Protein chains: 2
Amino acid sequence: METVIRPAQPEDLGLILSLIKELADYERLSQEVRASEDDLARWLFGDKPVAEALIAEDAGSPVGFALFFHNFSTFLGLPGLYLEDLYVRPESRGKGIGKRLLKELARIANDRGCGRLEWAVLDWNEPAIRFYESLGAKPMSDWTVFRLTGESLTRLAEM
Amino acid sequence: METVIRPAQPEDLGLILSLIKELADYERLSQEVRASEDDLARWLFGDKPVAEALIAEDAGSPVGFALFFHNFSTFLGLPGLYLEDLYVRPESRGKGIGKRLLKELARIANDRGCGRLEWAVLDWNEPAIRFYESLGAKPMSDWTVFRLTGESLTRLAEM
């Protein structure tokens, strides 16, 4: 049976949360996961969804996912796609499933007139970096993302 | 007269495009700007807007802007705000206007239940980095953004 890439449905919420936790574990960031199925239901399938997901199935079983949303480039004057999470379960790696997920995202980006597909990778994740470079992706090496969260965010809001 | 931070309106489109071009010039990236007023009209004020903007006025004149959109954290299970562009005109710097723009974004993030406010900075822009760190923002130094665009994006879509 072939690999199938399909849009996620509400009945996939438990699966998506499991895959998010497996990815966090791989990234050594499990302690940061606070998301619940209710959160994902609201933001993926609620009145005002902010993100979308794809599920990869291999021989009928779910083996990976991609979660993404729209960003916007002021320089291009166009929306883009931002890939927040890409994950393939360890036992299904090396079969081109990650590439199939990225290819489907590139297709969606082209169909929607998006100018870019972007994502972030941990610097120690060399297999991922080699894979992304093989697809023609370029590292934005001279940029660093800054983040305000928790108390620092509240403090600035109330300053 | 005081500094005022207000949401951008359709009549600000020409101003916003000018400010985007001034920012690109400061970032030594002018050659990358392709956006038109029509593009901005569509994506900021059309049927399906993907981004929003704030305008800073000082003594009645526009002196800066912030352009942002929603992103999504799978780990938090919450949307965040992503600040694509922050710019204050050179003659109005040093008056706390950039901070007023960031403070308004932090307020919007809190009001909307967002877990994070994030943005990217060029590594050579030390004054900006010191400013962001003074607000409690943390650099995500172990992550690199990858980008697929142009022919590489189309090639992957059609692979």
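Values computed for the structure shown
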read-out	value
Checklist (1) free of Cβ contacts under 8 Å to residues at least 24 places away in the same chain; (2) within 10 Å of another protein chain (Cβ to nearest Cβ) applied to A:R93, failing item	(2)
Verdict on B:L67 being under 19 Å from A:G115 (Cα atoms), touching a helix residue (DSSP H, G or I) at 6+ places or on another chain (Cβ under 9 Å), touching a residue at least 40 places away in the same chain (Cβ under 8 Å) and outside any helix (DSSP H, G or I)	yes
Some residue of segment A:33-48 being acidic (D, E), at pLDDT below 95 and either part of a helix (DSSP H, G or I) or within 22 Å of A:G98 (Cα to Cα) (or both)	no
Every residue from segment A:46-87 that is among the hydrophobic types (A, V, I, L, M, F, W, C), facing chain B (nearest Cβ under 7 Å) and open to solvent by 20 Å² or more (accessible area, probe 1.4 Å)	A:V50, A:L76, A:L78
Residues of segment B:22-32 classified as touching a residue at least 12 places away in the same chain (Cβ under 8 Å) and part of a helix (DSSP H, G or I), total	3
Selection count where residues are basic (K, R), in a helix (DSSP H, G or I) and either within 8 Å of chain A (Cβ to nearest Cβ) or open to solvent by less than 70 Å² (accessible area, probe 1.4 Å) (or both), scope segment B:109-158	1
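The values are calculated or read from the model by the stated rules, or taken from the named source; none is laboratory data. Computed from a prediction, not measured in an experiment: that's the story for all the values here. All Cβ positions, even for glycine, are placed from backbone atoms using ideal geometry, and neighbour counts span all protein chains on display. Accessible surface areas use protein heavy atoms only, side chains included; no ligands, DNA or RNA. Shrake-Rupley method; radii C 1.70, N 1.55, O 1.52, S 1.80 Å.
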